[in-house]
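What follows is a single structure, written as structure tokens, with notes after it.
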Amino acid sequence: MASGSGSDHSFQQIAVIGQGYVGLPLALLFVNKVHTVFGIDVDPGKIEALRNGKSYLPDVMDEEIVSCLATGRYYPTDRFEKVTEADAIIICVPTPLNSSHSPDLTILEKAVSEIGKHLRKGQLVILESSTYPGTTREILQPMLELESGLTAGIDFHIGYSPERIDPGNENYKVEQIPKIISGLTKQCAECAQALYSSVFDMVVRVSSTDVAELTKLLENSYRLINISFMNEIAAICDKLNIDVWEVIEAAKTKPFGFTAFYPGPGIGGHCIPVDPLYLQWRANKFGTESKFIQLSDEVNRSIPNYIVNRVRTLLSRQSEPGHARVLIYGVAYKKDINDVRESPALDLIRLLVEAGLSVSYHDPYIPEIQVNGSTYQSVEINDEMLQHTGCVIIFTDHSAIPLEQIVTHAPIVFDTRNVTAGMHDKHHVYRLGAGLGTS
Ligand SMILES: NC(=O)c1ccc[n+]([C@@H]2O[C@H](COP(=O)([O-])OP(=O)(O)OC[C@H]3O[C@@H](n4cnc5c(N)ncnc54)[C@H](O)[C@@H]3O)[C@@H](O)[C@H]2O)c1
């Protein structure tokens, strides 16, 4: 059990709220480090899959779940009462934007309200969901106190620890990514440190929950701004007929002062396009703003349109009228994952259809998507269908991409990820940011 004071904190039983891209790998990590974990989720389909040892995430193998279940220390459940049995409760639920691009904390508030009903003295509650600075103090603390009748910092502890997981990235295991931790009080921070030190290789303690919250938003705003800048440079390179990818590789050789970011078909996912807008919203509340975030968001949203214009121009050069068909390879927002949240591929499809083109897609990880009320199913790729497609847009560079087949049979290939680099003899292959002419 968690001790309420001093440095003698030990956390055997953990409740992880939300068993998605963040919560599931975290839950399994705690199980593997000999904790008992209640993996709590409101999605009955996910709970059933987990209980049957089935994963819904490409990064998590079925065998990992099976082996965690076999320890007798992993309990996937939809029962919030299990919170009472936990020493520490970690919240990993979605924090999306609403239709006016402002923070939507309704899912988080629902989860916090449920936790509050089952809270007891001596527990530690950590928020891991990405959010604006102030959320832990202004939302989590009062809601938990109200629901439980307990006092934060005295009866129970609160902290914030941003999740930095990078789905699809095999270079870093979850526990190898340094973990930022913080607490409402010094003792809360000590508890958080004790909890995460038991599973992470390195724990970085910061002075307040606000600092920890803003750290996450800074990291993702930095990526949004730099990637959007690279997309602007890519569009300039198209006009100048210079290969942006070669320019970046050259710039990268400087051993200091330059960090490489790459252009692409727009940034998707639940973090990079979303988190900066949480910061912008918070800044606006304090009468200020980030011009960089504003501009980068605009640039990012404009990229699907840029691709559509490029593809239409390329198609218009074709003589055969039957070629108004476009196949998109990959709709996931990034390589080797099955996530289409905020994927610019959805906008790309909508815009291509509005431009009068017939659109299909193939994604080995995503069997079906909804765009503008229409359902699209992933089609199988074969030589003949490629020959009868006007243009293949390479949107996601999944490792499984049948590049040779696409390049051999498609009349035009528009590559947004530079996977066709070096195919200089293929004059029907065009790369984003590598000039308007041939590749
Ligand atoms: N996906 C990433 O790469 C990533 C990386 C870092 C941080 N984050 C942040 O982590 C948080 C979670 O993101 P995610 O990608 O894991 O989302 P997700 O949608 O994959 O998982 C969230 C899970 O929470 C469940 N859930 C929803 N409401 C609930 C409730 N009231 N009680 C219990 N479970 C509930 C959902 O069913 C879902 O399984 C977000 O704030 C996100 O910004 C995500």
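The values are calculated or read from the model by the stated rules, or taken from the named source; none is laboratory data. These numbers were taken from a predicted model, which means no experiment stands behind them. We place every Cβ from the backbone using ideal geometry, glycine too, and count neighbours over all the protein chains shown. Side chains included, ligands, DNA and RNA excluded: accessible areas come from the protein's heavy atoms. Shrake-Rupley method; radii C 1.70, N 1.55, O 1.52, S 1.80 Å.
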With θ set to phi - 60°, apply the Karplus curve 6.51 cos²θ - 1.76 cosθ + 1.60 along segment 324-339 and write out the HN-Hα couplings as whole Hz, x wherever there is a Gly or Pro. 7, 9, 10, 10, 9, 8, x, 10, 4, 6, 8, 3, 6, 10, 10, 10
Using all C-alpha to C-alpha distances in the chain, build P(r) with 20 Å bins and read off the rounded percent in each one. 24, 50, 23, 2
Cleavage-rule hits, GluC sites (Glu not before Pro), segment 330-408, DSSP coil, Cβ neighbours within 10 Å at most 15: GLU380
Of all beta bridges DSSP finds with both residues in the chain, what is the antiparallel percent, to the nearest 5? 15
Once the Cβ-Cβ distance between ALA260 and VAL211 is put in as r, and R0 is 30 Å, what FRET efficiency do you end up with, to the nearest 0.05? 0.60
Taking the simple approach of a point 7 Å from Cα along Cα-to-Cβ for both ALA421 and GLU147, what is their distance in nm? 4.8
Taking the Cα centre of segment 13-207 as origin, sum charge times position over the Cβ atoms of Lys and Arg (+1) and Asp and Glu (-1), and report the length of that vector in debye to the nearest 20. 400
Given a 1.4 Å probe and heavy atoms of the protein chains only, how would you sort ILE17, ILE225, largest accessible area at the top? ILE225, ILE17
Under a 1.4 angstrom probe, counting protein chains only, how are TRP281, TRP245 ranked by accessible area, largest first? TRP281, TRP245
Solvent exposure ordering (accessible area, 1.4 Å, most first) of LYS121, LYS33: LYS121, LYS33
Amide H to amide H, which residues 5 or more places from ARG205 or on other chains are under 5 Å from it, using H placed in the peptide plane? ILE181
Whole-Hz ³J(HN,Hα) for each residue in segment 53-70, computed from phi via Karplus 6.51 cos²θ - 1.76 cosθ + 1.60 with θ = phi - 60°, x for glycine and proline: what do you get? x, 10, 9, 10, 10, x, 6, 10, 7, 3, 4, 5, 5, 4, 5, 5, 4, 5
With +1 on each Lys and Arg Cβ and -1 on each Asp and Glu Cβ, how big is the dipole of the chain about its Cα centre, in debye rounded to the nearest 20? 660
Give the carbon-plus-sulfur fraction of the accessible surface of segment 13-207 in %, rounded to a whole number; probe 1.4 Å, heavy atoms of protein chains only. 50
For VAL37, distant residues with modelled amide H under 5 Å away: ILE14, TYR74, TYR75
List every residue whose amide H lies under 5 Å from the amide H of ILE394, counting only residues 5 or more places away in sequence or on a different chain, with H placed 1.01 Å from N in the peptide plane. TYR329, PHE414, ASP415, THR416
Helix 344-354 vs. the chain, principal-axis angle (Cα, 0 to 90°, nearest 10): 40
List the lysines whose Cα lies under 30 Å from the Cα of LYS335, skipping any in the same chain that are fewer than 8 positions away. LYS33, LYS46, LYS54, LYS173, LYS179, LYS216, LYS239, LYS252, LYS254, LYS291, LYS426
Estimated [θ] at 222 nm from DSSP helical runs (n ≥ 4, -39500 (n - 2.57)) normalised by residues in the chain, nearest 500: -11500 deg cm²/dmol
Among ASN418, ASN284, ASN241, whose mean-square fluctuation peaks in a Gaussian network model of the chain (Cα, cutoff 10 Å)? ASN284
Residues GLN377 and ASN309, FRET efficiency given R0 of 22 Å [Cβ-Cβ distance, rounded to 0.05]: 0.25
Out of the trypsin sites (Lys or Arg not before Pro) in segment 280-351, which ones are loop residues according to DSSP with at most 11 other C-beta atoms within 10 Å? ARG317
Residue by residue through segment 130-139, which ³J(HN,Hα) values in whole Hz follow from phi under the Karplus form 6.51 cos²θ - 1.76 cosθ + 1.60 (θ = phi - 60°), with glycine and proline marked x? 6, 6, 6, x, x, 4, 4, 6, 8, 10
Label points 7 Å out from Cα along the Cβ direction at GLU298 and LYS252: separation in nm? 3.1
